[in-house]
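See below for the structure under consideration.
The values are calculated or read from the model by the stated rules, or taken from the named source; none is laboratory data. Just so you know, these numbers come straight off a predicted model, no measurement behind them. FYI the Cβ positions are ideal-geometry reconstructions off the backbone, even for glycines, and counts take in every protein chain you see. Only protein heavy atoms, including side chains, enter the accessible area calculation; ligands, DNA and RNA are left aside. Shrake-Rupley method; radii C 1.70, N 1.55, O 1.52, S 1.80 Å.
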Amino acid sequence: MRRIISYVVFLLPLWLMFGCREHGNLEKKDGDGWLSVEFLTDKSLVTRAENAKYRLEILQADGTLVAAYDNCAEMSERILLRKGTYRLVAFSGKGTGAGFEMPLYRGEQEVEIKAGTTQQVSLTCTLANVKMTVDYSDKIQQNFRNYTLEVSNGTDALTFIENDRRAGYLPVNREGTLHWILRLDNGQEEFTLNKTIKGVAARQCYNFQFDINESAGEDEGAFVGGLVVDTVLDVHHWEWVLNLKEHTDKPEIKLMGADGQLKDLNEAVVVLEEARGADVRVHVAAQATMQELMIRHRSGVVAGMGVPSDVNLIDAGEEVKTALNNAGIVWGNEDLLDKEEAIIDFSGIANRLPLGEYEFYLSVFGARNRMEIDTLRIQVVPDMEHAVQNVVRYEVWATFAAVSGTWFTQARPAGLTFEYSTDGTQWTRVESSGVQMDDATKSCRVLLTGLTPGQTYFYRTVSDASVSPEVKTFTTEEAVQVPYLNFDKWFKGGKSWYLGEESNKIWDSGNEGANTMSEMNPTAPDKTTKVDKAGNESSAYLETKVVVGVMAAGNIYTGDFVKAEISLSNPGAQLDFGIPYTGRPTTLSGYYKYQPVAINQAKAPYSHLKGQMDSCYIYVALFADWNGPFRVNTKTGTFVNLSEAIAYGEVKDSRTMNDFEHFTIKLEYRDKTKIPNYILIVATASKYGDYFTGGEGSKLWIDEFELGFNPIE
């Protein structure tokens, strides 16, 4: 049952109303009557506007405003009006009624005033716009860095950002529709879902609920939707589940080269003004068949050639198809609905465009509700020999970068190579012999090395006869070092030693667990056994010990010790592995000294190692898809899956060393297209210490670690 909050208001006499027009003689005349209003507010859909201020307007039948009150709560007497028909309009809220925590209540009623009588009216105001809220599940929050929901009525739009619990309000449009777009960004990929809701009416409330299904079937799309309607309050619960499965790959939009090879649309297609003859074909594919294929542009030149600013090739009519074909955009005119791929040929229009730059925005929406959006850029330039191309983001590292170019002449220009500069005036030329040439695609490429981290560089192509008309830039990555890698600075918190500073604690060990009963510290600074290097203060000393019958491997790692699980029969610990990090090192180098003993503490699944020589273990791993540190739980067997790292390197040793030895770990990048967001560095005196397997008394010293950023030979 709806809740009615009501109060009776007798309206002030018209001649006492502030801001209303003069009526001359203020005394009652023949033909005048009175109006008394009982004002009711229907708040079936609860809002925070319990004490909203309402404005009342009294209009004649032709819409002429007779009187207005800014606050109905201040009215206390009858209103004197000439006999006739009036329309009463009361509303709360400002402007269009679009915004957060801004409900718009509205009520209208027609009333007839009769001479010498008082007309009593009950005017009920109800919610005039649409209310909406959004809930993101814990899985959404854990798997995505950014997640937003935009809801629009075509004129006004509201965007709900992460954990936005506010109620939003939008007016109802003529069509009775709302369009919403969900964007989920995990740092590497953006998932997009958009839907149109029909039958939207005032007083409705839409509660959007989004969740993730991590075990979707092979025939399920990227999103599964459902609608539950609460008919009592007219509340619509939209429930949408995102399936995170490999088989729900996004559609692809690629540029097709003259040799048929596909590549990303990260370069503008260059068309020579005189030579023309450019081959500009775009290959579009959707694994689950295409449902929408849009081409958009905002160019007056292109529009003058007959190309609509927005066109969906899936349902384009014959007139639109003809206009596109005549302009030079061809795809065979076949029916593309439910097709898995299509080739759109822009060659005709590209070779007719005048000098300038043009953009065509392409989007394809597949049957599994996955969308891909990209931009085809066409650049018509004066004839030239060669040109430089944009760098690819992931091919720019801290001290090296790959740059590329292309040539347009029949034969490769003599002396074709690259030049680069830090100021755009003094150039360094690359030896032509070091440039890779591909005559089939008329492209050239070189790896620039010896660059400075965090530096902006200019680059261009040059030949014996000319310099590329355009100069492009890139900025190298920073060479980010993890703090305290030299193991010189330590502090003590309670009984436990920690590497670093108390105000910047990013390293931890198993000391807290080992020190539960008494001070043991399997990991500690060693100021005597260290690398002979100027300024070196200490090394990290890691020793495998047995504490109250439980083995504790000497270890150190980037992360945080959470808690120990004390138990003689089933001990364990919880650790948060990894710290935020966005650099891309190629090596981890340093010094280590190891003195192992035979394994005398062993548990499944490594019980068979008892009696064998212990081994130390140092490794570094980079991850790109973590939303936070990884919670290790040795008791439940929850460990980091190192195969998910985008880069990994390690050193293992079981030799007895009398002195420090230098090592260099080369990171193997399994995916060079991703930028990391977490780094994990681990060193332990017993490789299988996580499983309480090792040799009591195995000792490892590590010192003077450093991340390297030069290319690996």
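Here Ala323 meets the list (1) surrounded by 17 or more Cβ atoms within 10 Å (Cβ to Cβ); (2) in contact with a helix residue (DSSP H, G or I) (Cβ under 9 Å, 6 or more places away or on another chain); (3) not in a loop (DSSP other than H, G, I, E, B) almost entirely, failing just condition (2). Applying the criterion of at least 1 residues that are charged (D, E, K, R) to the strands (runs of 3 or more DSSP E) found wholly in the range 601-713 leaves 630-633, 647-653, 661-666, 699-708.
Of all residues in the range 277-290, those satisfying the criterion of being open to solvent by less than 60 Å² (accessible area, probe 1.4 Å) and part of a loop (DSSP other than H, G, I, E, B) are Ala278, Val280, Ala286, Ala288, Thr289.
Here Tyr691 passes the criteria (1) more than 19 Å from Glu543 (Cβ to Cβ); (2) at pLDDT below 95; (3) open to solvent by 30 Å² or more (accessible area, probe 1.4 Å); (4) not acidic (Asp, Glu) except the one numbered (1). Taking the numbered list (1) part of a strand (DSSP E or B); (2) within 25 Å of Asn194 (Cα to Cα) in turn, Thr126 passes all entries but (2). Taking into account only those residues within the range 378-412 that are more than 34 Å from the chain's Cα centre (by Cα) and among the charged types (D, E, K, R), which is modelled with the lowest pLDDT? The selected residue is Asp383. Of all residues being part of a loop (DSSP other than H, G, I, E, B), open to solvent by 20 Å² or more (accessible area, probe 1.4 Å) and of a type outside the set (Gly, Ala, Ser) in the range 195-207, which is nearest to Arg370 (Cα to Cα)? Just the residue, please. Going through the qualifying residues, I end up with Lys198. The condition (being farther than 17 Å from Val380 by Cα and either among the acidic types (Asp, Glu) or open to solvent by less than 50 Å² (accessible area, probe 1.4 Å) (or both)) is satisfied by just one residue among Ile314, Ile329: Ile314. Here Trp180 clears all of (1) at pLDDT 80 or above; (2) of a type outside the set (Lys, Arg); (3) under 20 Å from Arg106 (Cβ atoms) except the condition numbered (3). Of the residues making up the range 366-388, just one is touching a Gly at 6+ places or on another chain (Cβ under 9 Å), surrounded by fewer than 21 Cβ atoms within 10 Å (Cβ to Cβ) and polar (S, T, N, Q), namely Gln379. The condition of being more than 30 Å from Arg460 (Cβ to Cβ), open to solvent by 10 Å² or more (accessible area, probe 1.4 Å) and not aromatic (Phe, Trp, Tyr) holds for only one of Glu357, Glu395, Glu334, that being Glu334.
Would you check if Leu707 is surrounded by 14 or more Cβ atoms within 10 Å (Cβ to Cβ) and aliphatic (A, V, I, L, M)? Taking the combined requirement at face value, the residue satisfies it. Condition check for Ser363 on (1) open to solvent by less than 30 Å² (accessible area, probe 1.4 Å); (2) closer than 20 Å to Gln261 by Cα: one failure, at (2).
For (1) at positive phi; (2) touching a strand residue (DSSP E or B) at 6+ places or on another chain (Cβ under 8 Å), each residue gets a yes or a no:
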residue	(1), (2)
Glu565	no, yes
Gly578	yes, yes
Thr586	no, yes
Tyr592	no, yes
Gln601	no, yes
Asn627	no, no
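For the range 659-682, filtering for residues that are open to solvent by 60 Å² or more (accessible area, probe 1.4 Å) and modelled with pLDDT of 95 or more leaves 6. When Val302 is tested against (1) open to solvent by less than 30 Å² (accessible area, probe 1.4 Å); (2) of a type in the set (A, V, I, L, M, F, W, C); (3) closer than 20 Å to Ile253 by Cα, just one condition goes unmet, and that condition is (3). Counting only residues that are of a type in the set (Val, Ile, Thr), more than 30 Å from Tyr86 (Cα to Cα), open to solvent by less than 20 Å² (accessible area, probe 1.4 Å) and modelled with pLDDT of 80 or more, the range 118-171 holds 2 of them. In this entry, Val121 is excluded by the filter for residues that are in a strand (DSSP E or B) and within 30 Å of Asn163 (Cα to Cα). Somewhere in the range 437-447, is a residue surrounded by fewer than 15 Cβ atoms within 10 Å (Cβ to Cβ), within 23 Å of Ile712 (Cα to Cα) and out of contact with any strand residue (DSSP E or B) (no Cβ under 9 Å at 6 or more places or on another chain)? Looking for residues that are surrounded by fewer than 15 Cβ atoms within 10 Å (Cβ to Cβ), within 23 Å of Ile712 (Cα to Cα) and out of contact with any strand residue (DSSP E or B) (no Cβ under 9 Å at 6 or more places or on another chain), one finds none in the range 437-447, hence no.
Search the range 505-550 for residues being surrounded by fewer than 23 Cβ atoms within 10 Å (Cβ to Cβ) and among the hydroxyl-bearing types (Ser, Thr, Tyr), and hand back the single one that is nearest to Phe487 (Cα to Cα). Filtering first and then ranking leaves Ser538. Quick check on this structure: which one of Gly415, Gly424, Gly434 is more than 23 Å from Asn710 (Cβ to Cβ) and more than 37 Å from the chain's Cα centre (by Cα)? Of Gly415, Gly424, Gly434, the one residue that is more than 23 Å from Asn710 (Cβ to Cβ) and more than 37 Å from the chain's Cα centre (by Cα) is Gly415.
Does Leu293 satisfy being surrounded by 19 or more Cβ atoms within 10 Å (Cβ to Cβ), of a type in the set (A, V, I, L, M) and assigned to a strand (DSSP E or B)? Yes; evaluated as a whole, the condition is true for this residue. The residues in the range 49-65 that are modelled with pLDDT under 70 and of a type in the set (Gly, Ala, Ser) can be counted, and the count is 2.
Among the residues making up the range 469-491, those that are open to solvent by 70 Å² or more (accessible area, probe 1.4 Å), at pLDDT 95 or above and part of a loop (DSSP other than H, G, I, E, B) are Glu478, Gln481, Lys489. Only residues that are surrounded by 15 or more Cβ atoms within 10 Å (Cβ to Cβ) and within 18 Å of Glu150 (Cβ to Cβ): list them for the range 180-189, please. Those that are surrounded by 15 or more Cβ atoms within 10 Å (Cβ to Cβ) and within 18 Å of Glu150 (Cβ to Cβ): Trp180, Ile181, Leu182, Arg183, Leu184. Per the conditions (1) surrounded by fewer than 18 Cβ atoms within 10 Å (Cβ to Cβ); (2) closer than 17 Å to Ser404 by Cβ, the sole criterion not satisfied by Ser466 is (2).
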